[in-house]
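Everything on this sheet refers to the single structure shown next.
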Amino acid sequence: MKKVVKFGGSSLANAEQFIKAGNIIRADEDRKFVVPSAPGKRYDKDTKVTDMLYACYELAEKDHNFTSQIAQIEERYQEIIAGLELELDLTLEIDTIIDNFKRKAGADYAASRGEYLNGIIMAAYLGYEFVDPAEAIRFNEAGIFDAELTQKLLSKRLEGVERAVIPGFYGAMGDGTVKTFSRGGSDITGSIVAKAIQADVYENWTDVSGFLIADPRIIENPKGIDIITYGELRELSYMGATVLHEDAIFPVRKVGIPINIRNTNKPDDEGTWIVGNTCQKAKYTITGIAGKKGFASINIEKDMMNSEVGFGRRVLQVFEEYNISFEHIPSGIDTLSVMVHQTEFVNKEQNILSGINKAVNPDHVDIQSDLALIAVVGRCMKSQRGTAGRIFAALAHANINVRMIDQGSSEQNIIIGVANEDFEAAIQAIYAIFVDTRI
């Protein structure tokens, strides 16, 4: 078997955490490819190395002195090296970074050095080959990840390599310019590497024992999720579940590689398995609950709109013209609502309202603001009658008014709109009816 193991920033924040990660890797001969993040916080008020690099580069870009800041970054790595008792000197690497900062190599280059340096340390600690992702992970001229070219280059680069460390978070454009994924992008790198080597499992090690049914900041000690499908995870990640970067799903999903979310600090915990499909039933009717605040709903009314060919297209074209993406579009025979992020919409609202009036001549348009969207997700919901009824009953019992409801065609998710102020109470009510009462 071949396993790709990715370790997050909290799992590699200091030498003690490095040792834990090393013990995990050495405990299983199949863990042959390692994807490290940059060192995260060692304690609550600490600063992540990536943030230190961003701040340092900002000084360099303004031609300010950044000697003190780069020295602090070097000290973080020297602390790890000393704690691991390694004979490793990063002086040449640090000097190169300083030179490239002075040459204005870019913020992406600056941020990527956190993973780069941690990868060098991890490779030395394990005795694995170091592979710079800038050699094989490609972005096109527009800065968009090129999955096809990357698959070809990375498969070739890792061909014949028995064990390797490949830093996460970044790759390069065709001209060699370093380009990063969005924050949390080391998850994506792990998925890309897993696909390239045709791994049997992609293990993602972090500081929690997998996914929880609900946010622990809202629900006290929520139950864990043993197994979840890619589709369910996609829905939950999009609505705010943040254990795994949502884009990390796609590379492995296409080739059916399962992901196992594990806890570096509790390596005996089984964690959560993310799979393409499963016949295993979830413990509860729902798999998880997630949501976000800060939406607005633009509600359009017009008699006989259903008979107007292209009505919906003309409405959405107005939003497109002002670069506003929509979240959901619940509709009726004579009504259409467009849910958008309020912060993106508010400064363009009058232009958009004017555009809608010109485009479709509605009878009435109104706006509801300060809304929250909650996704109730579960592969078992479609086989359970009355799921929506239980949700509404729970919300009614908690005296919460439902502003919007939308169910996906897959029948594995129900989206509910409530007032921002009712967000936490709504999640608590839904959790209670499905988990605490085991319905």
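The values are calculated or read from the model by the stated rules, or taken from the named source; none is laboratory data. Treat the numbers as computed from the prediction; the structure is a model and nothing was measured. No Cβ is skipped: glycine too gets one built from the backbone with ideal geometry, and neighbour counts run over all protein chains shown. What goes into the accessible areas is simple: the full protein's heavy atoms, side chains included, and nothing from ligands, DNA or RNA. Shrake-Rupley method; radii C 1.70, N 1.55, O 1.52, S 1.80 Å.
Give the range of the longest stretch in the chain that excludes all GluC sites (Glu not before Pro) found in loop regions by DSSP and having at most 15 other beta-carbon atoms within 10 Å.
309-410
Report the gain in length on full extension from E58 to S325: 0.36 nm times residue separation, minus Cα-Cα distance, nm rounded to one decimal.
Result for the pair: 93.0 nm of gain on full extension.
List the trypsin sites (Lys or Arg not before Pro) within region 49-106 that fall in a DSSP loop (any state other than H, G, I, E or B) and whose Cβ has at most 13 other Cβ atoms within 10 Å. Can you show the working numbers first?
Values: sites: K62, R76, K102, R103, K104; in loops: K62, R103, K104.
Those satisfying the criteria are K62, R103, K104.
Would you mind telling me the share, in percent, of accessible area of the chain contributed by carbon and sulfur at probe 1.4 angstrom?
Working: 9390 of 20480 Å².
Answer for the chain is 46 percent, counting heavy atoms of protein chains only.
Nearest 20 debye, what's the magnitude of the dipole of region 84-133 about its Cα centre given +1 on Lys and Arg Cβ and -1 on Asp and Glu Cβ? Mind dumping the intermediate values first?
Numbers: 4 positive and 10 negative charges, 76 e Å.
The calculated dipole for region 84-133 is roughly 360 debye.
Of M173, M339, which has the most accessible area and how do the rest follow, probe 1.4 Å?
M173, M339
For the chain, what is the accessible area per residue in Å² when the probe is 1.4 Å?
With the other protein chains kept in place, the chain gives 47 Å² per residue.
Can you figure out the FRET efficiency of E162 with N221, using R₀ = 51 Å and their beta-carbon distance, to the nearest 0.05?
0.75
What does the charge count near V35 come to, summing +1 for each Lys or Arg and -1 for each Asp or Glu among other residues with Cβ under 9 Å from its Cβ?
Computed value for this residue: -1.
State to the nearest 20 debye the size of the charge dipole of region 46-132 about its Cα centre, where the only charges are +1 on K and R beta carbons and -1 on D and E beta carbons.
That gives region 46-132 a dipole magnitude of about 340 debye.
Which loop-located chymotrypsin sites (Phe, Trp or Tyr not before Pro) does region 266-303 contain, where loop means any DSSP state but H, G, I, E or B and the Cβ has at most 14 other Cβ atoms within 10 Å? Don't jump to the answer; show the numbers that get you there.
Values: sites: W273, Y284, F295; in loops: Y284.
In loop regions of region 266-303 (DSSP not H, G, I, E or B), there are no sparsely surrounded chymotrypsin sites (Phe, Trp or Tyr not before Pro).
Between helix 147-158 and the chain, what is the angle of the helix's C-alpha long axis to the longest principal axis, kept within 0 to 90° and rounded to the nearest 10?
30
Quick one: how many Å² of M304 are accessible to a 1.4 Å probe, rounded to 10?
The value for M304 is about 120 Å².
Compute the separation of the alpha-carbon centres of region 314-341 and region 81-157 and state it in Å as a whole number.
Their Cα centres are 42 Å away from one another.
Among the lysines, which have Cα under 27 Å from the Cα of K348 when same-chain residues fewer than 8 positions away are ignored?
K292, K293, K302, K358
Note down the relative contact order for region 252-324 as a percent, whole number, built from C-alpha pairs under 8 angstrom at least six residues apart.
Result for region 252-324 is 18 percent.
Could you work out the percent of alpha carbon pairs in region 299-381 separated by over 16 Å, rounded to a whole number?
Above the 16 Å cut-off, region 299-381 has 53 percent of its Cα pairs.
Starting from region 163-239, pick out the trypsin sites (Lys or Arg not before Pro) whose DSSP state is loop and whose Cβ has at most 16 other Cβ atoms within 10 Å.
Those satisfying the criteria are R163, R183, R217, K223.
Run the quick spin-label model on E79 and E270: label points 7 Å from Cα toward the beta carbon, then report their separation in nm to one decimal.
It works out to 3.8 nm between the two label points.
According to a simple spin-label model (label point 7 Å from Cα along Cα-to-Cβ), what is the distance in nm between E421 and M1?
Result for the modelled spin labels: 5.2 nm.
In nm, to one decimal, how far is the modelled label at H364 from the one at E29, with both set 7 Å along Cα→Cβ?
About 7.3 nm, to one decimal.
Using the Cα centre of the chain as origin and beta-carbon charges of +1 (Lys, Arg) and -1 (Asp, Glu), tell me which of N361, A214, H341 is placed farthest towards the positive end of the dipole.
The Cα lying farthest towards the positive end belongs to A214.
Report the calculated FRET efficiency for A388 and N347 (r = Cβ-Cβ distance, R0 = 45 Å), to the nearest 0.05.
Working from the Cβ atoms, E equals 0.80.
For the chain, what log10 I(q)/I(0) values come out of the Debye formula at q = 0.09, 0.11, 0.12, 0.14 1/Å, with one point per alpha carbon and no solvent?
Ignoring solvent entirely, the Cα scatterers give -0.68, -0.96, -1.09, -1.28.
Cα axis of helix 349-360 to longest principal axis of the chain: angle in degrees, 0 to 90, nearest 10?
With both axes taken from Cα atoms, the answer is about 50 degrees.
Given the Cα-Cα distance of A124 and S307 and 0.36 nm per residue of separation, how much length would full extension add, in nm?
59.1 nm
Enter the angle in degrees (range 0 to 90, nearest 10) between the Cα long axis of helix 311-321 and the first principal axis of the Cα atoms of the chain, meaning the one along which they spread out most.
Value to nearest ten degrees: 40.
Give, in nm to one decimal, the length gained when the segment between A71 and C380 is fully stretched (0.36 nm per residue of separation minus the Cα-Cα distance).
105.9 nm is the gain from fully extending A71 to C380.
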